[in-house]
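The values are calculated or read from the model by the stated rules, or taken from the named source; none is laboratory data. Predicted model only: the values in this text are computed from it and were never measured. Accessible surface areas use protein heavy atoms only, side chains included; no ligands, DNA or RNA. Shrake-Rupley method; radii C 1.70, N 1.55, O 1.52, S 1.80 Å.
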Amino acid sequence: MSRYFSGRFAALTPYVPGEQPQDMQYVKLNTNESPFPPPQVVLDAVSGESACLQLYSDPDGRKLREKLSVRFGVSPEQLILGNGSDEILYFAFMAFADDTHPIAMPDISYGFYPVLCSLLNLPNERIPLREDLSLAVEDYCGLGKTVVIANPNAPTGLALSRKEIERIVASNPEHVVIVDEAYVDFGAESALPLVDRYDNLLVVQTFSKSRSLAGARLGFAVGNAALIADLNTLRCSINPYNVNRMSLAAGLASVENDEYNLANCRTIMENRAWTREQLAKRGFQVPDSRANFLFAKSPAAGGEALYKSLKERGVLVRHFGQERIRDYIRITVGSADQMEVLLKKIDEILEEAST
Ligand SMILES: *Cc1c(COP(=O)(O)O)cnc(C)c1O
């Protein structure tokens, strides 16, 4: 730390993203990216747009917001775009929480939330998940706090139904409920159909996971127009051109070809079911994931040991040091070939451990 760094941030521990090795020597199952590249139309849209890089991007992202608004049956005023959904979460925490509106979130969830609380100096409560890592809806009803929930949750993959989300939203009318749906396209129920009925619901989604555009950094949120206006006040005070031209073009082409994305999601769900079954055969405990990853605990090998042994064998997965989940590894569901390599390596490791 330099002697110039503001004391406000002296205690800030930044978020640690999953490893991004720059040589492609790994079967990369650690950051929940899609194994499928974007379709050719998206690549063409990006390269066409790159010819206009001397010009700023549209600060309103109007074309993409209009396209998304039709896709989801809302008005463009109910939609905001972000440089990844992480940026929208940042705006939302800043906008809808403070000393009198503390944040409540599960003890096991996306690691970026506590970092944002620390960055913005927001009081926050971590509500323990049940023993089986499921979220107890009643813990969030009538809470009187700004609620942040990932649905499906990360890194467990477990999801709440729309009805359960609605109970939480309806019982906290004085506070915003932020539902982070980064993984919703892999088989969970979106809360999007509720946004017209609840002015305190903000639904956040991303192009990173189900639409093969993690590198484009493109996310969006849908909610009541007044909530979105608040987020725009902050966005335009921080980074009005927050989404670059090429990502706007990529997003537009991607939504126009959403069948491609949905077909890939179906493939991932099939591969998920197969992999979960295979892991269960080998004695792993694996919650019923609705996301593009599996959270798996082996009776024979600890989480960190498994992570390391897999890495030595060229397969990258994610391990978290947090006490309650340190026996688990989180495995991104990739292509069928990748899943076969993973299981082959797991078999080698378990075999070695038992001799
Ligand atoms: C990946 C992820 C995000 C961030 O996505 P970006 O749009 O790439 O910033 C947000 N929330 C959760 C729970 C995630 O896993």
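Numbers for the structure displayed
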item: Rounded to the nearest 10 Å², the accessible area of residue 340 at probe 1.4 Å; result: 110
item: Translational diffusion of region 273-355, µm² s⁻¹ [Kirkwood Rh, Cα pairs; Stokes-Einstein; 37 °C; 0.692 mPa s]; result: 259
item: Pairs beyond 23 Å (Cα-Cα), from 28/63; 281/344; 28/297; 281/345; 297/345; result: 28/63
item: Average accessible area per residue (Å²) across region 1-111 - probe 1.4 Å, nucleic acids and ligands excluded; result: 56
item: Accessible carbon and sulfur surface of the chain relative to its total accessible area, %, 1.4 Å; result: 51
item: Region 50-113: C-alpha pair distances exceeding 13 Å, %; result: 74
item: Lysines with Cα under 21 Å of residue 145, excluding same-chain neighbours fewer than 8 positions away; result: 163
item: Proximal aspartates and glutamates relative to residue 67, as straight alpha-carbon distance under 14 Å, when same-chain residues fewer than 8 apart are discounted; result: 77, 256, 258
item: Cα pair count fraction exceeding 13 Å, expressed as % - region 175-233; result: 61
item: More than 24 Å apart - percent of Cα-Cα pairs taken over the chain; result: 58
item: Where 311, 344, 209, 281 fall by accessible area, highest first, once all protein chains stay in place (1.4 Å); result: 281, 344, 311, 209
